[in-house]
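*Asks:* The structure is given below, and queries will be raised subsequently.
The values are calculated or read from the model by the stated rules, or taken from the named source; none is laboratory data. Predicted model only: the values in this text are computed from it and were never measured. Note that we place each Cβ from the backbone using ideal geometry, even for glycine, and neighbour counts take in every protein chain shown. When the accessible area is computed, the model is the full protein with side chains, heavy atoms only, and any ligands, DNA or RNA have been set aside. Shrake-Rupley method; radii C 1.70, N 1.55, O 1.52, S 1.80 Å.
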Amino acid sequence: MTTPITVPALGESVSEATVAKWMKNVGDPVKKDEALVELETDKVTVEVFASAAGTLGEIIAPAGTTVAVGTLIGNIAAGGAAAAPVAKAAVAAAAPAPSVAKAAPAAAPAAKDDLAPAVRKLVEENGLNPASIAASGKDGRLTKGDVLEHLEKTKAAPAAAPVAAAPAPAPVPAAPHVPRALGEREERVPMSRLRKRIAERLKQAQNTAAMLTTFNEVDMTAVMALRDKYKEGFEKRHKVKLGFMSFFVKAAIQALKEIPAVNAEIDGGDIIYKNHYDIGVAVGTEQGLVVPVVRDVDAMSFATIEATIAELGKKARDGKLAIEDLTGGTFTISNGGTYGSLMSTPIINPPQSAILGMHKIQQRPMVVDGKIEARPMMYLALSYDHRIIDGREAVTFLVRLKESLEDPQRLLIEM
């Protein structure tokens, strides 16, 4: 008797994942509720736990396989009898396939080596992808006639299109990417699913938003003095350190309430104004940048904000964030200053309309009351979608932020 191991529900809008690694080998003993396999989605890493005790009997989806929710990826054998030979065969058979959930049709040629010499020569001379050509031969094999017919259709399609009315011919499939040869001191590592998703979302933001960045600077003297004055007592009382992020979050909330467009989003031809403040805090991890969300932050004290950010940061670094931790943010704050960045132009986190960039605090000569003094200064950057936020609103937002931070008594700190 076996117990199936399937891909669990991965959260709203997430339908598939990549098998990152198996924690057990076929034949290893398994305890109930023990972690068996790690799945990587485009947002978080998810562990799948054993629903019964026994031994790992079979691995159907090896590491690197793309699987859909509900897909059978392995099974647990009751007792000590594991189907090791079957499992090894399954792994070997599955390894070349890019996806369990979306496997290519069996009839399509897998590689040029599977083609007849004459067909292979014709394919190579014309730079064609065999998998994109309909095959009519026995057992689904590609024939020379199939290739010639495909070439004829490709040549004829663009020339016959009418000038004004008929739909354009279907585009010719793009040639597959051919990996370049590696040098002696190079190595090739597949992009993780999370890294691919980060790349897609950032490029999406650049392609769809009319993105601009406006800058200002803030004198951090008052915030630093207030923090130094209260941090020891704050930590003893609340069991959490008083950092700069809570000051910025509180100041941002006040500015968002005055400039609601910065907290809004575009939905088709509409603008959705949000009367709640769920602030995303960008966190760098070994897997990539993630943005966990602190919800209803306007109702939180400084201590609760600091504790929540610390907890989410730890979960992010440990790979324990859930889908719910990453969705629904209304505005994002990114602190590049922790890495030494002096100035940057952060990219909006869609579907949000703006992101605030904090930077390194740097001593600079400033004119104060007619005298030059060394002051701890920080550049602020607000990247925003100009389709919904006007320049006046963006500049005003940063000015209000600056005013609150340079006079932090405005923030009504709850020590």
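*Asks:* If you check T345, T396, which single one turns out to be under 30 Å from G288 (Cβ atoms) and either out of contact with any strand residue (DSSP E or B) (no Cβ under 8 Å at 6 or more places or on another chain) or not basic (K, R) (or both)? Lay out the reasoning, then the answer.
*Replies:* Working: T396 fails: under 30 Å from G288 (Cβ atoms).
Just one listed residue meets the conditions, T345.
*Asks:* Which of the strands (runs of 3 or more DSSP E) contained wholly in the stretch 170-274 include at least 2 residues that are touching a strand residue (DSSP E or B) at 6+ places or on another chain (Cβ under 7 Å) and either closer than 30 Å to T154 by Cβ or polar (S, T, N, Q) (or both)?
*Replies:* So the answer is 211-219.
*Asks:* Restricting to the stretch 351-363, give me the number of residues that are assigned to a strand (DSSP E or B), surrounded by 14 or more Cβ atoms within 10 Å (Cβ to Cβ) and out of contact with any Phe, Trp or Tyr (no Cβ under 7 Å at 6 or more places or on another chain). Walk me through how you get there before you give the answer.
*Replies:* Restricting attention to the stretch 351-363, the residues satisfying the condition of being assigned to a strand (DSSP E or B) are 354-358, 362-363.
Imposing the further condition that a residue be surrounded by 14 or more Cβ atoms within 10 Å (Cβ to Cβ) reduces the set to 354-358, 362.
Filter once more, so that each one left must be out of contact with any Phe, Trp or Tyr (no Cβ under 7 Å at 6 or more places or on another chain): 355-357, 362.
Summing the residues that are assigned to a strand (DSSP E or B), surrounded by 14 or more Cβ atoms within 10 Å (Cβ to Cβ) and out of contact with any Phe, Trp or Tyr (no Cβ under 7 Å at 6 or more places or on another chain) in the stretch 351-363 gives 4.
*Asks:* Go through the residues of the stretch 386-408 one by one and say whether even a single one is on the phi > 0 side of the Ramachandran plot, of a type outside the set (S, T, Y) and modelled with pLDDT under 95. Give the derivation first.
*Replies:* Initially, the stretch 386-408 is screened for residues on the phi > 0 side of the Ramachandran plot, giving none.
No, there is no match, as no residue in the stretch 386-408 is on the phi > 0 side of the Ramachandran plot, of a type outside the set (S, T, Y) and modelled with pLDDT under 95.
*Asks:* Of these, A97, A131, which one is modelled with pLDDT of 70 or more, within 24 Å of H177 (Cβ to Cβ) and either open to solvent by less than 60 Å² (accessible area, probe 1.4 Å) or outside any loop (DSSP other than H, G, I, E, B) (or both)?
*Replies:* Values: A97 fails: modelled with pLDDT of 70 or more.
Answer to the check: A131.
*Asks:* Restricting to the stretch 46-74, count the residues that are open to solvent by 40 Å² or more (accessible area, probe 1.4 Å) and either in contact with a Gly (Cβ under 6 Å, 6 or more places away or on another chain) or over 16 Å from T6 (Cβ atoms) (or both).
*Replies:* Step one: list which residues in the stretch 46-74 are open to solvent by 40 Å² or more (accessible area, probe 1.4 Å), which gives 47, 49, 51, 53, 60, 63-64, 69-70, 72.
Next, only the ones that are either in contact with a Gly (Cβ under 6 Å, 6 or more places away or on another chain) or over 16 Å from T6 (Cβ atoms) (or both) stay: 53, 60, 63-64.
Total meeting the criteria: 4.
*Asks:* Moving to a separate point now. Looking only at residues in the stretch 221-236 that are among the charged types (D, E, K, R) and surrounded by fewer than 16 Cβ atoms within 10 Å (Cβ to Cβ), which one is farthest from L411 (Cα to Cα)?
*Replies:* We begin by selecting, within the stretch 221-236, every residue among the charged types (D, E, K, R); these are 227-229, 231-232, 235-236.
If we keep only those that are surrounded by fewer than 16 Cβ atoms within 10 Å (Cβ to Cβ) as well, we get 228-229, 231-232, 235-236.
Details: D228: 16, K229: 16, K231: 16, E232: 19, E235: 19, K236: 21 Å.
Across the stretch 221-236, the extreme among qualifying residues is K236.
*Asks:* Taking the stretch 366-387 only, how many residues are surrounded by fewer than 19 Cβ atoms within 10 Å (Cβ to Cβ) and within 26 Å of the chain's Cα centre (by Cα)?
*Replies:* 2
*Asks:* A further question on this structure: Output the number of the condition that E286 fails; it satisfies all remaining conditions of (1) open to solvent by 10 Å² or more (accessible area, probe 1.4 Å); (2) touching a helix residue (DSSP H, G or I) at 6+ places or on another chain (Cβ under 6 Å); (3) not in a helix (DSSP H, G or I).
*Replies:* Result: E286 fails condition (2) only.
*Asks:* For I348, are the conditions met, namely being over 24 Å from the mean Cα position of the chain (by Cα) and either surrounded by fewer than 21 Cβ atoms within 10 Å (Cβ to Cβ) or not charged (D, E, K, R) (or both)? Even if it seems obvious, please write down each step before you answer.
*Replies:* Numbers: over 24 Å from the mean Cα position of the chain (by Cα): no; either surrounded by fewer than 21 Cβ atoms within 10 Å (Cβ to Cβ) or not charged (D, E, K, R) (or both): yes.
Against the criterion (over 24 Å from the mean Cα position of the chain (by Cα) and either surrounded by fewer than 21 Cβ atoms within 10 Å (Cβ to Cβ) or not charged (D, E, K, R) (or both)), I348 does not qualify.
*Asks:* Working only within the stretch 304-327, note down all residues that are surrounded by fewer than 17 Cβ atoms within 10 Å (Cβ to Cβ) and hydrophobic (A, V, I, L, M, F, W, C).
*Replies:* Of everything in the stretch 304-327, those that are surrounded by fewer than 17 Cβ atoms within 10 Å (Cβ to Cβ) and hydrophobic (A, V, I, L, M, F, W, C) turn out to be A310, A322, I323.
*Asks:* Now for a different question. Among the strands (runs of 3 or more DSSP E) contained in the stretch 29-70, which hold 1 or more residues that are of a type outside the set (S, T, Y) and within 22 Å of L321 (Cβ to Cβ)? Full working, then the answer.
*Replies:* Working: elements: 35-40, 45-49, 54-59, 66-68.
Per the criteria, 35-40, 45-49, 66-68.
*Asks:* Only one of these is within 18 Å of L411 (Cβ to Cβ) and open to solvent by 20 Å² or more (accessible area, probe 1.4 Å): S301, S334. Name it. Please lay out each step first, then the result.
*Replies:* Details: S334 fails: within 18 Å of L411 (Cβ to Cβ).
Testing whether each residue is within 18 Å of L411 (Cβ to Cβ) and open to solvent by 20 Å² or more (accessible area, probe 1.4 Å) leaves just S301.
*Asks:* Out of (1) within 30 Å of A222 (Cα to Cα); (2) assigned to a helix (DSSP H, G or I), the odd one out for L342 is which?
*Replies:* Every listed condition holds for L342 apart from (2).
*Asks:* Still on this structure, please answer the following. Can you pull out every residue in the stretch 291-339 that is β-branched (V, I, T), part of a strand (DSSP E or B) and touching a residue at least 40 places away in the same chain (Cβ under 8 Å)?
*Replies:* Within the stretch 291-339, V294, T332, I333 qualify.
*Asks:* Related question: Restricting to the stretch 349-370, what's the tally of residues that are charged (D, E, K, R) and modelled with pLDDT of 95 or more?
*Replies:* Count: 2.
A quick yes/no check of all residues on (1) touching a helix residue (DSSP H, G or I) at 6+ places or on another chain (Cβ under 6 Å); (2) among the aliphatic types (A, V, I, L, M):
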position: K320; (1), (2): no, no
position: E324; (1), (2): no, no
position: Y339; (1), (2): no, no
position: S344; (1), (2): yes, no
position: I347; (1), (2): yes, yes
position: M366; (1), (2): no, yes
position: D369; (1), (2): no, no
position: D385; (1), (2): no, no
